[in-house]
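*Asks:* Before we start, here is the structure in question, set down as structure tokens.
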There are 2 protein chains.
Amino acid sequence: MSSSTPGLDGIENPLALEQQVCFALAIASRSVIGVYRPLLEPLGLTHPQYLVMLALWEHEPLRVNELARLLQLDPGTLSPLLKRLEASGYVRREKDPHDDRALAVVLTDAGRALRDDALKIPPAIVERLGLPLDELLELHRRLTQVIAAATV
Amino acid sequence: MSSSTPGLDGIENPLALEQQVCFALAIASRSVIGVYRPLLEPLGLTHPQYLVMLALWEHEPLRVNELARLLQLDPGTLSPLLKRLEASGYVRREKDPHDDRALAVVLTDAGRALRDDALKIPPAIVERLGLPLDELLELHRRLTQVIAAATV
DNA sequence: CCTAAGTAGTTGGTGTACTAACTATTTGTA
DNA sequence: TACAAATAGTTAGTACACCAACTACTTAGG
């Protein structure tokens with residue numbers, strides 16, 4: 001808009017905000033998480049906590065470093081998050097009998113029961129976004145490419 | 001993997017972690033920002049601060065709420081961020097003479113000069129990711145769709 | 001067996017992010 | 001022109017997210 005060549009900002013300015021993929025990624029991530037928020041709030045979960053529960057519903061039990069690898073998160077991020085999940089009553093952190101350094105994160109009965117409520121979330125999100133499934137699958141495929149490219 | 005029907009996790013389990021678009025979005029955003037980090041660190045910028053600078057290089061001066069709208073961020077997030085940018089010497093926060101409530105965020109000489117260094121960043125990122133430009137443009141297009149869908 | 005190197009998780013520091021409550025100012029309207 | 005409603009930005013509280021330093025435990029080499 002303030003460009004000397006009106007209407008060509010995106011083409012001539014490599015630093016144009018609206019053109020940056022990193023900007024679109026950051027906003028998309030935050031705004032989609034914002035769509036989850038009102039659906040997760042009744043379950044007493046934040047979005048990162050929801051992702052931890054997804055991992056546990058699939059692969060319980062998991063050690064902290066296994067969760068860190070699955071979610072690509074720092075153990076220093078997970079450690080307090082898991083304490084909050086334990087305080088919420090959804091998981092327990094048990095000493096691994098084979099290795100006194102390790103913690104086995106396991107689901108409580110409440111944590112397992114929560115999965116039934118969580119089953120309503122994905123369809124609610126898809127409906128709320130109102131995008132065709134192909135579109136979402138295609139986006140997922142391209143995001144996976146970028147993740148692979150960025151984490152080499 | 002722990003499924004009773006091996007190899008069909010993604011199809012039969014609507015809560016499969018690897019299948020969630022929100023998960024791919026969160027990881028992609030964090031890992032791409034991770035690619036920027038070593039490039040931004042020499043400039044003394046975090047990624048959110050970099051986005052603020054992009055906005056200012058394009059549209060200076062900007063009020064806090066205009067920045068909030070452009071970056072889709074809460075004023076409560078921007079307020080301390082802008083103080084840190086001011087402490088770094090890249091911006092000044094000036095009282096708007098027409099409205100004593102408002103702040104005009106303006107660039108300092110150092111902030112304007114920083115743009116020359118920043119010009120090296122986008123091509124460095126594209127090269128580092130090693131993805132074809134079409135791919136990035138197409139991803140950007142689909143992210144924009146999702147943002148529009150999520151922020152209605 | 002004993003010690004150096006590696007591994008598992010925690011802690012503290014800095015910097016986002018979102019919400020809600022708050023102050024200060026401006027605007028709309030009776 | 002009073003004054004309620006709206007607006008601009010700050011602050012405090014909670015929760016990530018990354019990093020570096022730390023403790024405790026395990027393993028590998030000698």
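Nothing in this text is a laboratory measurement; each read-out follows from the coordinates by a stated rule. Predicted, not measured: the structure shown is a model, and the values here were computed from it. A quick note on method: Cβ atoms are made from the backbone with ideal geometry, for glycine too, and the neighbour counts reach across all protein chains shown.
*Asks:* What is chain A's relative contact order, in percent, from Cα pairs under 8 angstrom and six or more apart in sequence? Write out the running numbers ahead of the final one.
*Replies:* Working: 99 pairs, mean separation 23.7, N = 152.
Relative CO of chain A lands at 16 percent.
*Asks:* Copy-to-copy spacing for B:R92, label 7 Å out on the Cα-to-C-beta vector, in nm, shortest first?
*Replies:* For B:R92, the other copies' label points sit at 6.3 nm, shortest first.
*Asks:* Something else about it: Of B:L78, B:L56, B:L139, which is the most mobile in a GNM of chain B whose springs link Cα atoms less than 10 angstrom apart?
*Replies:* Comparing B:L78, B:L56, B:L139 in a Gaussian network model of chain B, the most mobile one is B:L139.
*Asks:* What are the ³J(HN,Hα) values, in whole Hz, obtained from phi via the Karplus relation 6.51 cos²θ - 1.76 cosθ + 1.60 with θ = phi - 60°, for each residue of segment B:32-41 in sequence order, with x given for Gly and Pro?
*Replies:* Taking θ as phi minus 60°, the curve returns 5, 4, x, 6, 5, 3, x, 7, 7, 4 Hz for segment B:32-41.
*Asks:* Here's something else I'd like to know. Under 25 Å between alpha carbons, and skipping anything fewer than 8 positions from B:K95 in its own chain: which lysines qualify?
*Replies:* Partners within reach: B:K83.
*Asks:* Right, next: Every other copy gets compared here: list the nm distances from the A:G44 label point (7 Å along Cα to Cβ) to its counterparts, shortest first, one decimal.
*Replies:* Nearest to farthest, the other copies are at 4.7 nm.
*Asks:* Further, regarding this structure: Compute the label-point distances linking A:D134 to its equivalents in the other copies; points lie 7 Å from Cα along Cα→Cβ; give nm, one decimal, shortest first.
*Replies:* 1.8
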